[in-house]
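Remarks on the structure that follows.
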Amino acid sequence: MPGMMAKTLVQCESISVVDYRCTAGRGDAPFPEVHQGFNAAYVRKGSFGYRANGRSFELVAGAVLVGHPGDEYTCTHDHAASDECLSFRLSAGLADSLGGSPGLWRVGRIPPIPELMVLGELAQAAAEGKTDVAVDEAGTAFAARVVEAASRRARPPARVGGRDRRRAVTAALWIEANACEPINLSTAAKEAGLSPFHFLRLFSKVLGVTPHQYLVRSRLRSPRSPTRSASEISRTSSAPSIGPPECRREGSGGRRRKSARFSKNGCRLARQDDLHQEVVMYDHIGLKVKDLEASVRFYEQALKPLGYVVCSRDESGAGIGPAGEPALWLYPAGKGASGPGVHVAFRASERPMVDRFHRAGVEAGGRDNGRPGIRKDYSPTYYAAFLLDPDGNNVEAVCTR
C-alpha cells in the first residue's frame, strides 16, 4: 500500500493490534478501503480526514477512528501530511461482549477525550515494551471504553466547508506543537486569524472539542509535560483498574481494591494511577438572556466558588469560564422571549464546591431547583445541585467522585 507502513503487534482470535504509519501528503490521491472487523484506531500523531457512509470527519492526535466491518471508507490528507495510528480490530464475539448497539460502530469518530487518551497512551507504551501490561489487555480495555464513549456520542457531525476544516486542523496542530507554552483562546484565535468566538465555534464543530480541551489533552500526551505519562502511571501498584465499568469495584471508603481485574473475554486487566488533569468546564454554550446585567451578576457570583470568572464583557454580551478561556457566552435576547429551559452542567472537582455553588447562586437571585445531594438514578456517585437562573434556565453543578 503506497505511503503506508503496517506492523502487526498482536493477532489472536478475539483481537488484532496493528501499528499503522502513513506518509501520505496533500498531493496523494485517496483510495477506497474496507474495514475487515470492528475497528477502533487511536490517532497517536498527525491528522487526516476520514470519509465513510456519506459523512466526513477530521481526526487529530488523541481522536479515535471507529469503523464497522464491511464498510467502505477513504482517508485523506487535504490539510496535513502523515499520521500514526494504533489500530485495534475486534472479532464479532468480542465486540458483542462489550455491549452497545451495532450502530455505534458507525459513529465514525470520537474526539480526543481524556479517558480514551490515557488508555491509548497506555496501549502505545505496551506496544513499545515500556510497561508490564500486555498489548491485547490494553487493547481490550481501550475497546471497552470506546464502546462507552461511542454510545454517548452517536450524533451526526456538523457541516463545515473544506477551508474551515483546514483552518481548524492547522490550529490543532499548532496547539499540539506549542502545548507546553502559555496558550489561551485569544492567542489561538489570533494564530488562526479569527475572532475568539468564531474560532471557538469553528474548532468545536470540526474537531468535537474546544481549543482549551484539546490543549489540556495535548499536554497530557506531551513528553515535556509535568503530567506523568501513561507508561509511568501504569507502574503504580495502587492505581485503579483500566477495565470496563463492570470490572471496576470500589473498596471501603472509596479506595480501589488491589485484586486483579478481568475483561469479559477473560483477559487480565492492568491498573493505572489517577491522572492529574486540568479541569474542563464543558463544551461551548451560548444563552440568550432578557437582562444581561442580572444574568452576568448571577453567573459571576454562582460560578466563583467553582473557580470561573468573567473573561470578556461588552455591550454585545459576556464570556465566562476559566481565566482566559470563556466557554459560557451570554447574549441580550432583544425583542421577544429569551427561550428559557436550557440546561447547563458545570463540573466540580469536589462535593463541597457543589454546596457552595448552590448557596451562592440562591444568594445571587437564583431559584432552588434541586438541593445538593446524590442522584442515585444517574449513578451512586453523582452529587449535584440545581438552580434556575434569572431567565429560567436549569443550571447544575455536579461532582461524580
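The values are calculated or read from the model by the stated rules, or taken from the named source; none is laboratory data. Worth saying up front: this structure is predicted, and the values here are computed from it rather than measured. No Cβ is skipped: glycine too gets one built from the backbone with ideal geometry, and neighbour counts run over all protein chains shown. With ligands, DNA and RNA removed, areas are computed over all heavy atoms of the protein, side chains included. Shrake-Rupley method; radii C 1.70, N 1.55, O 1.52, S 1.80 Å.
When residues of the stretch 28-37 are filtered for being open to solvent by less than 30 Å² (accessible area, probe 1.4 Å) and assigned to a strand (DSSP E or B), how many remain? Give the steps one after another, and end with the answer.
Taking the stretch 28-37 as the starting set, the residues that turn out to be open to solvent by less than 30 Å² (accessible area, probe 1.4 Å) are 35, 37.
Filter once more, so that each one left must be assigned to a strand (DSSP E or B): none.
Qualifying residue count, the stretch 28-37: 0.
Any residue that is of a type in the set (S, T, N, Q) and touching a strand residue (DSSP E or B) at 6+ places or on another chain (Cβ under 7 Å) - is there at least one of those in the stretch 55-75? Yes: the stretch 55-75 contains one or more residues that are of a type in the set (S, T, N, Q) and touching a strand residue (DSSP E or B) at 6+ places or on another chain (Cβ under 7 Å).
Taken together, the residues in the stretch 172-218 that are open to solvent by 10 Å² or more (accessible area, probe 1.4 Å), farther than 18 Å from residue 113 by Cβ and among the small types (Gly, Ala, Ser) amount to 5.
Just for strands (runs of 3 or more DSSP E) wholly inside the stretch 54-157: which have at least 1 residues that are open to solvent by 20 Å² or more (accessible area, probe 1.4 Å)?
Numbers: elements: 55-60, 64-67, 72-76, 83-90.
Once the strands (runs of 3 or more DSSP E) in the stretch 54-157 are filtered for at least 1 residues that are open to solvent by 20 Å² or more (accessible area, probe 1.4 Å), what remains is 55-60, 72-76, 83-90.
Would you be able to say whether some residue in the stretch 38-47 is of a type outside the set (Asp, Glu), more than 28 Å from residue 216 (Cα to Cα) and surrounded by 15 or more Cβ atoms within 10 Å (Cβ to Cβ)? I'd like the intermediate steps shown before the answer.
Within the stretch 38-47, the subset of a type outside the set (Asp, Glu) is 38-47.
With more than 28 Å from residue 216 (Cα to Cα) added as a condition, the list becomes 38.
This time we only want the ones that are surrounded by 15 or more Cβ atoms within 10 Å (Cβ to Cβ), so: 38.
There is at least one residue in the stretch 38-47 that is of a type outside the set (Asp, Glu), more than 28 Å from residue 216 (Cα to Cα) and surrounded by 15 or more Cβ atoms within 10 Å (Cβ to Cβ).
Residues that are of a type in the set (A, V, I, L, M) and open to solvent by 30 Å² or more (accessible area, probe 1.4 Å) were ranked within the stretch 347-401; the one that is farthest from residue 285 (Cα to Cα) is 374. Applying the condition of being over 15 Å from residue 81 (Cα atoms) and hydrophobic (A, V, I, L, M, F, W, C) to the stretch 1-25 and asking which residue is farthest from the chain's Cα centre (by Cα) yields 1. Could you tell me how many of the residues in the stretch 206-215 are touching a helix residue (DSSP H, G or I) at 6+ places or on another chain (Cβ under 8 Å) and part of a helix (DSSP H, G or I)? Result for the stretch 206-215: 6.
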